[in-house]
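The values are calculated or read from the model by the stated rules, or taken from the named source; none is laboratory data. Remember, predicted model here, so these are calculated numbers, not experimental data. We place every Cβ from the backbone using ideal geometry, glycine too, and count neighbours over all the protein chains shown. Areas reflect the complete protein model, heavy atoms only, side chains present, ligands, DNA and RNA absent. Shrake-Rupley method; radii C 1.70, N 1.55, O 1.52, S 1.80 Å.
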Amino acid sequence: MKRYLFVLAIATFMLAGCRSSKEASKERASNEVWQTLLVKQLDAKIEDQIITVKYNNGTTLCYKILDNFGNVTLTWDRTNGRKNFDDGPSAYKGDISIPSFITTGENDDFTFRVMEIDANAFYDCAEVTSIDIPYSVLRIVNDAFKGCSGIKKYTVNENNQSYKDVDGILFSKDDKMLIKYPAKKETAEYVISEDVSIICTEAFTDNSFLRKITIGNFVTAISDNSFKNCSALEEVELGGNVRILGVDAFKNCPKLTLVNAHGMWPAHCSPTVFDDEVKASAKLYVPRGQLMNYKRRLEWRDFKNVQEY
């Protein structure tokens with residue numbers, strides 16, 4: 001009897017292992033439907049490695065084939081004869097829900113997994129109001145959301161292994177990187193979590209509501225253009241462990257009047273971080289006994305009104 005059960009178990013295992021890759025792919029696709037909110041795909045066509053897909057909510061999205069393993073990246077809009085990502089206005093607009101997979105062929109014979117979001121995918125898409133990222137996306141390339149000045153929120157499927165959202169803000173899954181703060185998020189004051197260590201390039205760019213930002217003590221790097229064009233920003237609290245301030249990190253923040261730098265050692269600055277007008281009029285507070293250290297450092301030495309606290 002035991003021998004019979006053993007043979008039966010082996011046979012069952014072998015049969016399970018003999019399922020076609022197509023069946024396995026269908027099973028994965030079925031699971032993905034439950035883990036991401038999809039709009040119905042109406043039509044898809046392939047041309048020059050670009051798959052253009054139409055959905056029943058009126059959205060048309062373009063995908064670029066990445067490899068021979070059925071992975072694609074959501075890329076910039078190729079419709080209306082666009083030859084480059086900055087070639088006229090994109091048709092991407094409204095609430096964008098990215099699926100985990102797309103299908104092509106007369107009978108949906110081919111399934112592609114949406115693995116990443118391409119550079120400049122949403123370049124200057126000012127009419128996009130939200131982006132829903134599925135669990136299949138494992139990589140978002142730099143500048144994917146460059147110029148998305150109309151976004152109110154980012155949402156990420158809770159099963160995504162690389163990214164997450166908190167109150168509509170896009171983070172890496174481990175909370176170490178704050179990737180994108182919505183340009184249209186109507187919050188006057190924001191405190192960056194102590195879990196964050198890097199504020200990514202253009203993370204807060206174009207936000208016109210934020211008046212005060214408190215940068216946690218575990219943040220070590222504020223990347224290029226992080227707060228560029230934050231037109232309402234008045235006050236910045238710089239945590240004590242900030243070591244790097246990137247190029248134009250606070251460029252075109254005309255209302256910035258107060259910078260509280262808590263670092264005992266001044267952060268290393270790029271040649272241009274603050275506007276000249278800000279350095280001429282804003283108050284810079286530094287830790288007691290560190291005035292001369294700041295006076296000797298690039299950018300910090302150009303502030304006209306520096307006080308110890």
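Below, the figures for the structure above:
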| quantity | calculated |
| --- | --- |
| DSSP bridge orientation in the chain - percent antiparallel, rounded to nearest 5 | 40 percent |
| From the C-alpha gyration tensor of the range 126-200, square roots of 5λ in Å | 18, 16, 11 |
| Cα-only Debye scattering, the chain: base-10 log of I(q)/I(0) at q = 0.10, 0.11, 0.12, 0.16 Å⁻¹ | -0.65, -0.74, -0.83, -1.20 |
| Percent carbon-and-sulfur accessible area, the range 95-201, ignoring ligands, DNA and RNA, probe 1.4 Å | 42 percent |
| Dipole magnitude of the chain about its Cα centre (Cβ charges: Lys, Arg +1; Asp, Glu -1), debye to nearest 20 | 640 debye |
| Positive-end residue of VAL306, SER100, VAL286, charge dipole of the chain with Cβ unit charges | VAL286 |
| Residue-normalised accessible area of the chain, expressed per residue, 1.4 Å probe, Å² | 53 Å² |
| Charge dipole (the chain, unit charges on Cβ, about Cα centre) - positive-most of ASN260, THR187, SER231 | ASN260 |
| Relative contact order computed over the range 188-303 (Cα-Cα under 8 Å; 6+ residues apart), in percent | 20 percent |
| Relative contact order for the chain, counting Cα pairs under 8 Å that sit 6 or more residues apart, in percent | 8 percent |
| Other-chain or far-sequence residues with amide H under 5 Å of LYS153's (modelled H) | ILE131 |
| Among 270-278, 56-64, the order from most to least packed when residues are scored by Cβ within 10 Å on average | 56-64, 270-278 |
| Residue pairs, from the table LYS180/LYS212; LYS93/LYS173; LYS146/LYS228; LYS152/LYS283; LYS146/LYS184; LYS228/LYS304, whose Cα atoms sit over 24 Å apart | LYS93/LYS173; LYS152/LYS283 |
| Cα long-axis angle, helix 21-35 against the chain (0 to 90 degrees, to the nearest 10) | 50 degrees |
